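Below: the structure, in structure tokens.
The values are calculated or read from the model by the stated rules, or taken from the named source; none is laboratory data. Please read all numbers here as calculations on a predicted model, not as lab measurements. Please note: Cβ atoms are built from the backbone with ideal geometry, for glycine as well, and neighbour counts cover all protein chains shown. Ligands, DNA and RNA are excluded from the accessible area calculation, which covers all protein heavy atoms including side chains. Shrake-Rupley method; radii C 1.70, N 1.55, O 1.52, S 1.80 Å.
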Amino acid sequence: MNSSPAARPVPSWRRLPLWSIPFLWTLLFGLWGLSRQHSAWRDEAATWQVALRSAADIWHMLGQVDAVHGLYYLLMHALFECFGPGTTTLRLPSVLGTAVAAACVTVIGRRLAGVGAGLGAGLVLGLLPAVQFYLQESRPYALVAAGAGTSTLLLVSALRRGRVGSGAPWVAYGGVVLLCGLLNWLSLLILPAHAATLVWTRVRRQTWTRWATASAVAVAGVLPLILFSRRQSAQVSWIPPLTWHMLIGPAVLLAIGGLGALLERPRAGRLSVSAVGLPLLAVPQLSLIGISLVRPLFLDRYILFSMLGLALLIGAGLNAVLQATGPRFPGASPWLVPVVLAVVAVALLPQSLAKRSPASRVDDVLAVAADVRRLRQPGDAVLFVPAARRDTALVSPGDFAGLRDIALARSPVSSGTLKGEEAGPARIRTAMLAQRRILLVTDASGVARPSAGRDKVKAAVLKEHFTVVADEEVRGRRLVVYERV
């Protein structure tokens with residue numbers, strides 16, 4: 001009987017495509033602690049409460065606020081309709097999006113630098129601290145990262161195969177960039193990153209023409225959203241101006257990425273991991289810094305997709321180091337990348353656990369809702385300071401059943417807003433003085449900001465005519481129960 005190694009069947013697990021390993025790794029990593037101890041913070045509450053509305057009500061709201069997230073809200077509304085509201089439905093799209101991004105960087109790394117680079121890039125993506133945070137965040141940034149990975153893979157495929165004469169890859173490329181732009185138009189910063197890759201690799205004029213056409217169509221499709229959302233720019237007025245200390249993070253990331261590129265030793269004119277990953281990391285970071293010098297917009301989540309470039313560079317650098325040391329340990333070389341990354345995962349375990357705890361976010365709208373359910377009594381009224389803290393009632397309406405929202409004049413749905421429209425100060429004062437007990441939902445002591453306008457009236461009436469009978473703080477929110485003196 002012939003029992004030579006060549007005649008033995010290959011184990012089924014070894015026939016799996018390489019990209020499936022990081023995909024499954026990232027998927028499992030995202031499912032771990034997905035509910036974050038049944039907590040949700042204010043940004044996620046915005047997604048939750050909007051997704052509960054009808055499509056017509058969402059469309060009405062987008063004319064007033066949050067048009068930039070319109071496509072994402074409609075997607076989440078469809079998922080809530082199919083699977084019901086909850087933290088799993090809320091966060092699973094981001095988990096899947098990150099897993100897709102990991103699969104894309106795996107394929108890119110393998111094609112450009114080999115199996116070790118691809119596997120390293122795919123596995124390391126989910127370990128990056130910024131990615132871990134948004135891996136379980138019900139906002140569109142992980143989905144944009146998936147689109148960025150897909151568009152970059154399409155670009156690399158077109159450049160490697162030389163299909164400049166075929167329009168199909170470029171049509172797909174333009175469609176993906178357009179979709180990402182509709183999810184968050186700052187994702188269009190991937191286009192100058194890809195342009196830098198084309199310059200690095202010295203492509204032919206025909207390739208430039210194909211890329212520019214696809215990019216122009218995508219930008220034209222997103223332009224109406226850009227122009228319309230600028231009318232709602234007050235929503236980002238809270239973002240602080242750029243300061244030197246805010247540049248430390250990008251500087252560290254660029255230094256790590258640059259080291260990975262040096263280890264790969266790329267050559268000009270050649271399509272390599274560095275030619276793709278370094279622009280993907282650096283150009284969005286530097287571009288957003290430049291934009292923020294004119295209009296403060298620098299938030300790492302807006303360019304989360306640039307972490308794909310960092311993962312590619314780390315994977316390539318790790319692969320280069322292991323190739324240099326591999327001849328000394330030939331039998332262990334296939335296992336070096338997984339072993340090294342397993343050690344890194346263990347080292348990052350404390351941070352991974354922290355990212356999956358309620359304390360990792362500013363507040364928790366679900367925890368304070370549970371306190372309301374426990375402390376409320378028939379006939380009680382409720383106030384929110386500031387009005388945006390009404391989100392906890394919108395996400396957990398059952399916990400507020402029977403409570404009268406005495407400051408509210410128009411509901412968030414009818415007003416097409418996220419927090420509703422409150423009555424004037426005089427009307428609020430009159431309504432408060434007619435109550436025996438009032439539940440106040442506000443920020444925790446260390447988070448609360450000075451009151452203004454209507455909130456000053458609420459605070460003054462409560463101080464003068466009511467006394468505190470219960471005061472509870474939980475995960476960044478505070479519930480105070482007042483009784484009439």
*Proximal lysines relative to Lys419, as straight alpha-carbon distance under 19 Å, when same-chain residues fewer than 8 apart are discounted*: Lys456, Lys458
*In whole Å, what are the Cα extents of the chain along the three principal axes, biggest one first?*
90, 53, 45
*In a shell of Cβ-Cβ distance under 9 Å around Leu440, excluding Leu440 itself, what net charge do Lys and Arg (+1) and Asp and Glu (-1) give?*
+2
_Rounded, prolate or oblate for region 257-386? Axes are the square roots of the Cα gyration tensor eigenvalues, ordered a ≥ b ≥ c, and the cut-off for rounded is a/c under 1.5._
oblate
*Net charge over other residues, Cβ less than 15 angstrom from the Cβ of Ala195 (K, R count +1; D, E count -1)*: +4
*Charge sum, other residues only, whose C-beta stays under 12 Å from Val469's C-beta, Lys/Arg counted +1 and Asp/Glu -1*: -1
*Alpha carbon centroid spacing (whole Å) that separates region 177-223 from region 226-240*: 24 Å
*For the Cα atoms of the chain, what angle does the longest principal axis make with the long axis of helix 273-294, in degrees from 0 to 90, nearest 10?*
30 degrees
*Give the accessible surface of the chain per residue, rounded to a whole number of Å², with probe radius 1.4 Å and ligands, DNA and RNA excluded.*
45 Å²
*Can you tell me the 0 to 90 degree angle between the C-alpha axis of helix 190-201 and the longest principal axis of the chain, rounded to 10?*
10 degrees
*For the Cα atoms of the chain, what angle does the longest principal axis make with the long axis of helix 70-83, in degrees from 0 to 90, nearest 10?*
80 degrees
*For region 143-249, which chymotrypsin sites (Phe, Trp or Tyr not before Pro) are both in a DSSP coil and crowded by at most 12 other Cβ atoms within 10 Å?*
Trp238
*What list of ³J(HN,Hα) couplings, whole Hz, do you get for region 19-30 from phi and the Karplus terms 6.51, -1.76, 1.60, once you set θ to phi - 60° and write x for glycine and proline?*
5, 5, 5, x, 4, 5, 4, 5, 4, 5, 4, x
